Amino acid sequence: MSGEYMRKKLKNKTYDEERALYHLTETDVTDCIFGGPKDGESVLKECRDIRVKGCSFSLRYPLWHAERFSLSDSFLDANTRAPVWYSKNGEISNCGIDGIKVLRECENILIKNCIVHSPEFGWKCRGIDIEASVIESEYFLFESKDIKIRNLRMNGKYSFQYIDNMTIENSFLDTKDAFWHSKNVMVKDSVVKGEYLGWYSEGLTLIRCEIIGTQPLCYCKRLKLVDCRMHGCDLAFEYSDVNATIDGHIDSVKNPKSGKIVADSVGKIISEDSVVDCGAEILVRGEKVSAE
């Protein structure tokens, strides 16, 4: 018999007891409700090879230590706290998720076509792919690594901090204090809006991006900007090692440590006495300029 024929089927059921489907394997779970008066938790803990579709969740910790799973066309409400932790090799698609602390110490998870409102999303994860989704979160992807993001619309603050090895493409990021202490991050063809972008980052590269907000990109190492635009960006690049080509205007540049900054115009160049030797070259329309 084929593996598909042998799979178990659960449909139109309601589960509210603790560990109701503990260690479920090789099962399709369809149009079920996880919620009720018993207010159980960990309903699908330690599951393997399951497909969950069209379900609603209102219980804590539903998918912990799961492996080889899919969760699709489902809704996880605000009572569904910490819904996916310590899980591997999964796909979450076409879902609405309102539970706090989605994804913690997970590995190889695809998130696609989802709408998520979840503080503390994606902490200490590895191998996360996010596509065509809308996410609102604080401390988004904190201390995670090996991340790929495409077509994300993100709103929050303190995002991508201490992250290592990430690419972002064709996205809109509205988030203050983003990329702090990050390493080896590339952002392409995206809008990055928010105050204090990228401080203390190492190996941050922005290509054809629109950067919006005060005091961006300070204390950076190996910072690179290629054909970017900057709006409302004052006091930029302080104490940074930077190589940047800017299409248009920079409001002000302050104490850049080393490298080269090329722009069409700079409103003000600020050089202050400090313990840091700041000697970056600044070119405006091909001519070298210095502080007034």
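Compared with the alpha-carbon gap, the fully stretched path from ARG126 to ILE270 is longer by 47.8 nm at 0.36 nm per residue. A crude spin-label estimate for the pair MET6 and LYS88, with each label 7 Å from Cα along the Cβ direction, gives 2.2 nm. Secondary structure note: in the chain, about 5% of the DSSP beta bridges are antiparallel. Carbon and sulfur atoms: what percent of the 1.4 Å accessible area of the chain do they account for? Here carbon and sulfur together make up 44 percent of the probe-accessible area. Between GLU18 and ARG153, the FRET efficiency from the beta-carbon distance, with R0 = 45 Å, is close to 0.80. Accessible area per residue for the chain, computed on protein heavy atoms with a 1.4 Å probe, is 46 Å². Taking 0.36 nm per residue of separation and subtracting the current Cα-Cα distance, fully stretching the chain between ILE115 and ASP189 would add 24.5 nm.
Modelled this way, with points 7 Å down the Cα-to-C-beta line, the labels at ASP73 and GLU281 are 6.0 nm from one another. A Cα-only calculation for the range 128-218 places Rg and Dmax at 11.2, 30 Å. Can you grab the distance from the C-alpha centre of the range 218-292 to the C-alpha centre of the range 47-91, Å, no decimals? Cα centroid to Cα centroid, the span is 46 Å. Rounded to the nearest 5, the antiparallel percentage of DSSP beta bridges internal to the range 111-258 is 0%. The local environment of GLU41, defined by Cβ-Cβ distances under 12 Å, has a net charge of +1 under the rule Lys, Arg +1 and Asp, Glu -1.
The values are calculated or read from the model by the stated rules, or taken from the named source; none is laboratory data. Only a predicted model underlies this, so the values are computations on that prediction, with no experimental measurement involved. In this analysis, Cβ positions are derived from the backbone assuming ideal geometry, glycine residues included, and neighbour counts consider all displayed protein chains. Please note that ligands, DNA and RNA were not included when accessible areas were found on the heavy atoms of the full protein model with its side chains. Shrake-Rupley method; radii C 1.70, N 1.55, O 1.52, S 1.80 Å.
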